[in-house]
Amino acid sequence: MTNDLQPFLKQVRACRLCEDAMQRAPNPIIRATTTARILVAGQAPGNLADKLSKPFADPSGDRLRTWMGVSDEEFYDESRIAIAPMGFCFPGYDAKGGDLPPMKVCAPTWRPGLMERLPQVDLVLAIGGYAQSWHLGAARKRTLTETVMHWRTYLENHGVLPTPHPSWRNNGWLKKNSWFEGEVLPVLRDMVRARL
């Protein structure tokens, strides 16, 4: 089954399951090849990513690339880094101006088949609670902070490195949890570099 990734991605990109529920036309955004060893699993594309049809094409992406220690060229090299959020389309904004959660039908419909078709992935960056819930299941802790604090266990047992979202909205979390930058990011950079 692993040799049919491109037809599968064509199906994902043509998906219209959420068309009636979304505030805009669906625009599934995913980047992957069967040779990628790293999977960046976020929540859902943001507004800028949606407009450009390019994931993490915003300040959050700049911070994420800094966290990973990669250039834009390396980050967008599908042969090395797959980028597949939990929801493939920008879900729109809530009443307070924040991004809505990913559409609920997306991950159950597409994620199992996607993961089967990414045989080389041995490092998953689970960015935020939605990705951590999917990739860690019952092993996930009660809060994002607790989950990220146990990153060594998840990395060793699941090949998953949980992180907060690199959004500016998390500046307070990052300041309060300075251990993340000091302990986790050097390991993340080394692991990414070893796979590029």
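The values are calculated or read from the model by the stated rules, or taken from the named source; none is laboratory data. Values in this document were obtained by computation on a predicted structure and should not be read as measured data. Counting neighbours? That spans all protein chains shown, and the Cβs are built from the backbone with ideal geometry, glycine included. We work out accessible area using only protein heavy atoms, side chains counted, and drop any ligands, DNA or RNA first. Shrake-Rupley method; radii C 1.70, N 1.55, O 1.52, S 1.80 Å.
Could you order GLU116, GLU181, GLU74, GLU156 by accessible surface area, starting with the largest, using a probe radius of 1.4 Å?
Result, largest first: GLU156, GLU181, GLU116, GLU74.
Under a crude label model (7 Å from the Cα following the beta-carbon direction), how far is GLN11 from ALA139 in nanometres?
Between GLN11 and ALA139, the label points sit 2.7 nm apart.
Sort the stretch 149-196 into rounded, prolate or oblate with this rule: let a ≥ b ≥ c be the square roots of the eigenvalues of the Cα gyration tensor; rounded if a/c is under 1.5, and if a/c is not under 1.5, prolate when a/b is larger than b/c, oblate otherwise.
Judged from the Cα gyration tensor, the stretch 149-196 comes out prolate (a/c at least 1.5, a/b above b/c).
I need the shape label for the stretch 100-196. Rule: rounded when a/c is under 1.5, else prolate if a/b > b/c, else oblate, with a, b, c from the alpha carbon gyration tensor.
Oblate, since a/c reaches 1.5 and b/c is not below a/b.
Tell me, what is the 1.4 Å probe accessible area of HIS158, in Å² to the nearest 10?
90 Å²
Would you mind pulling out the separation of the Cα centroids of the stretch 88-129 and the stretch 156-184, in Å?
18 Å
How many lysine pairs in the chain, separated by 8 or more positions in sequence or lying on different chains, have Cα atoms less than 28 Å apart?
Pairs that pass both the separation and distance tests number 14.
Within the chain, what percent of beta bridges assigned by DSSP are antiparallel, to the nearest 5?
In the chain, approximately 15 percent of DSSP beta bridges are antiparallel ones.
Label the stretch 65-149 by shape, choosing from rounded, prolate and oblate, from the square roots a ≥ b ≥ c of the eigenvalues of the Cα gyration tensor; if a/c is under 1.5 it is rounded, and otherwise prolate applies when a/b is larger than b/c, oblate when it is not.
In terms of gyration-tensor shape, rounded.
Just to confirm a number: summing +1 for Lys and Arg and -1 for Asp and Glu over residues other than LEU5 whose beta-carbon lies under 11 angstrom from that of LEU5, what do you get?
Computed value for this residue: -1.
If R₀ is 25 angstrom, what is the calculated FRET efficiency for the pair GLU183 and ASP62, using the beta carbon separation as r and rounding to 0.05?
Calculated value: 0.70.
How big is D for the chain, in µm² s⁻¹ as a whole number, if Stokes-Einstein is applied with the Kirkwood radius of its Cα pairs at 4 °C and 1.567 mPa s?
The estimated diffusion coefficient comes to 77 µm²/s.
Probe radius 1.4 Å, ligands and nucleic acids left out: which of ARG169, ARG189 has the largest accessible area, and how do the rest follow?
ARG169, ARG189
Find which of ASN47, LEU196, THR143 sits farthest along the positive direction of the dipole of the chain, computed with +1 on the beta-carbon of Lys and Arg, -1 on that of Asp and Glu, about the Cα centre.
THR143
ASP62: accessible area at probe 1.4 Å, nearest 10 Å²?
Accessible area of ASP62: about 90 Å².
Consider a paramagnetic label point 7 Å from the Cα of TRP168 along Cα→Cβ; state which residues of the stretch 40-59 have an amide N under 12 Å from it.
59
How high is the FRET efficiency from LYS54 to ASN157, r the C-beta distance, R0 25 Å, rounded to 0.05?
E between LYS54 and ASN157, to the nearest 0.05, is 0.15.
With +1 assigned to the C-beta of every Lys and Arg and -1 to the C-beta of every Asp and Glu, and no other charges, what is the dipole magnitude of the stretch 68-122 about the Cα centre in debye, to the nearest 20?
400 debye
Could you tell me the relative contact order of the chain? Use alpha-carbon pairs under 8 Å, at least six residues apart, and round to a whole percent.
Rounded, it is 26 percent for the chain.
Tell me, what HN-Hα J-couplings in whole Hz come from the Karplus equation 6.51 cos²θ - 1.76 cosθ + 1.60 at θ = phi - 60° for each residue of the stretch 51-62, using x for Gly and Pro?
In residue order, the calculated couplings are 5, 9, 6, 9, x, 6, 8, 7, x, 4, x, 4 Hz.
Give me a comma-separated list of calculated 3J(HN,Hα) values for the stretch 134-150, in order, Karplus coefficients 6.51, -1.76, 1.60 applied at θ = phi - 60°, integers in Hz, x for any Gly or Pro.
Along the stretch 134-150, the couplings run 5, 7, 10, x, 5, 6, 5, 7, 5, 10, 4, 4, 4, 5, 5, 4, 9 Hz.
What residues have an amide H closer than 5 Å to that of LEU123, excluding those fewer than 5 places away on the same chain, when H is modeled at 1.01 Å from N in the peptide plane?
Close amide H contacts, sequence-distant or interchain: LEU39.
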